[in-house]
1. What residue, of Gly488, Gly509, Gly460, is within 23 Å of Glu339 (Cβ to Cβ) and small (Gly, Ala, Ser)?
2. Are any residues in the range 218-258 of a type in the set (Phe, Trp, Tyr), modelled with pLDDT of 95 or more and in a helix (DSSP H, G or I), and if so, which ones?
3. Any chance you could count how many residues in the range 310-332 are free of Cβ contacts under 8 Å to residues at least 60 places away in the same chain, surrounded by 24 or more Cβ atoms within 10 Å (Cβ to Cβ) and assigned to a loop (DSSP other than H, G, I, E, B)?
4. Of the numbered conditions (1) within 30 Å of Asp305 (Cβ to Cβ); (2) more than 31 Å from the chain's Cα centre (by Cα); (3) surrounded by 14 or more Cβ atoms within 10 Å (Cβ to Cβ), Lys111 satisfies every one except a single condition; which is it?
5. Please go through the range 152-183 and pick out each residue that is at pLDDT 95 or above, farther than 18 Å from Arg309 by Cβ and of a type in the set (Phe, Trp, Tyr).
6. Tell me, which residue of the range 117-171 that is outside any loop (DSSP other than H, G, I, E, B) and either among the small types (Gly, Ala, Ser) or out of contact with any strand residue (DSSP E or B) (no Cβ under 7 Å at 6 or more places or on another chain) (or both) is farthest from Gln72 (Cα to Cα)?
7. With the structure loaded, tell me whether Gln160 is surrounded by 14 or more Cβ atoms within 10 Å (Cβ to Cβ), of a type outside the set (Ser, Thr, Tyr) and touching a Lys or Arg at 6+ places or on another chain (Cβ under 8 Å) or whether it fails that test.
8. I'd like to verify a number: residues in the range 352-374 that are modelled with pLDDT under 95 and surrounded by 23 or more Cβ atoms within 10 Å (Cβ to Cβ), how many?
Amino acid sequence: MKTKLFLLTSFLLLTANAICFGQSIKQSLKSGENFKVGQIIYSADKQYKLLLQNDALVVKKGNVIVWQSDMQGSWLPTTKIDRITFNNGEINCLFHNSIQWSSRTNFPNSKLVLGNDGIIKISTSDNRILWESFAVTANSIKPPLVSGGDEGPFNDSVMQPADKIKLYVVFVDWTDAKATENNFDSLWNLVTGNGELLKSFKKQGRAINLSVEPYLAKKWIALPKTAEFYFPPHTPANEWNWETYIKDCPALLHTAFGLDTFTNNSIAVFLPNPSVGEKWKNDVPTGNHIINFRGMKVVITGSPDIYTRKYGTLMHEIGHGFGTGELYPIPPFEWYDTEMMGLDVMSNSDLATGFMGYHRYRYGWMPYKKEKPTSVYLTEPHSYRIVLTTLSSDNGIKMVLIPDKSVSQTNLHKPSKLWGIEIAQDVQSKEQFLAGKNEKMITEGEMIIIYTVEYPELEGKRAIRLFPKKAFDKDKDKWRKVFLYEDGETFENPSAPFDLKIYKNKDGGFYLDIKLKTK
């Protein structure tokens, strides 16, 4: 009896408040109905309410706004709304009778509801979800990483994610190749692109205030053996004494810094005498080596050309420190067959300007937040409207992950294959980049990338690969027209677990209409 009395009292108070403020309460919007200022749609559990307020569509939990249509990364970040119409399952947002936004959906005999998660949805009369809108707020479980391998969960053998990366920089030479250049700050500026490396990391990891702290031992420290011992001339590079070199380099850290122990987020960077390049005839790239030296897991050994590669080379090697593998194509190299081209620094350290969204998420730079996620994981077989924002945006959803059709319901938290969707970041011209200029081949916000993350890797392939529209014809096709997607395009492929329609929005992002297929 007391329970019934309490419910009745709550209902009467709710009704009285609505009448007092001239608001009409609804639990759904049916086809042909309008939604105007003064009306409220409540979630079934009464925890959330949808209303028009200050020319925006607003969702509140209690009196706290959890979503509104004019937020950055939402439906209409710079546009006002004063009315909503709902006809045959299509939502239209209007201002002064002009349509500002449409869901572009068609679900006859449906209704618009506010879910118990605060998400706007379209459902059937028996409450089966047909469509839901993910914009700033999203009902998604935490996206998993692929189940194993270089792109999967971290293990103890590599550097763990942290909000700080410490670089212990040692300048090394040899008794038979002594250095004469003593402007160490100038040499470091060559390696980091005059500080662009640190700025780029800070920008990519600003959500966690990521910082890179370099510590420079400003002197030349001679390695215990000669350059000819480590790198004997007229000998293939794979026969050089790398094992000894990698062992001898960390032993110099105490001499350089007076430290005997290091934190897990420390990396030793050994930069060679730049004039040794004439003797270093073999084309050997800078290398990353996983070690276990007094708490430190990662050593980077630079080759002489690191002084001419700007900051991309060192950023690439730091990525290896997190256990990430190569994404450039397996030899023999073909530029048009690259796995990720310049969309990620692990694929091309000259063209890329940073790490893709999946890597930023894996490294902890795009932390998952239930209320305002930067990434979502779609698993339910219905339709979604995603507002996708650029990786450089402060807010909004930046990455969509979808399990492959081969992933069972019981393995959704540890998928062997994922599909990813995100907006392509800046890709720079190699020649312009090395010349210190800013010409771009692709500008962030222009195009969408669709890719797969797979474990185990297919034979002869890398773990992450762009998914093209068709087989690439190097004699006829333009690479970006085959491997990237743009406004107005539709993605439909029998092997994919979803269909996709792409629409550019006014905020530099995209609307994605995604329909997951039934397995």
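The values are calculated or read from the model by the stated rules, or taken from the named source; none is laboratory data. All of these numbers come straight from a predicted model, not from anything done at the bench. In this analysis, Cβ positions are derived from the backbone assuming ideal geometry, glycine residues included, and neighbour counts consider all displayed protein chains.
1. Gly460
2. Phe257
3. Total meeting the criteria: 0.
4. Among (1) within 30 Å of Asp305 (Cβ to Cβ); (2) more than 31 Å from the chain's Cα centre (by Cα); (3) surrounded by 14 or more Cβ atoms within 10 Å (Cβ to Cβ), Lys111 violates only (1).
5. Scanning the range 152-183 gives Phe154, Tyr168.
6. Checked the range 117-171; the qualifying residue farthest from Gln72 (Cα to Cα) is Gly149.
7. No: the conditions fail for Gln160.
8. 4
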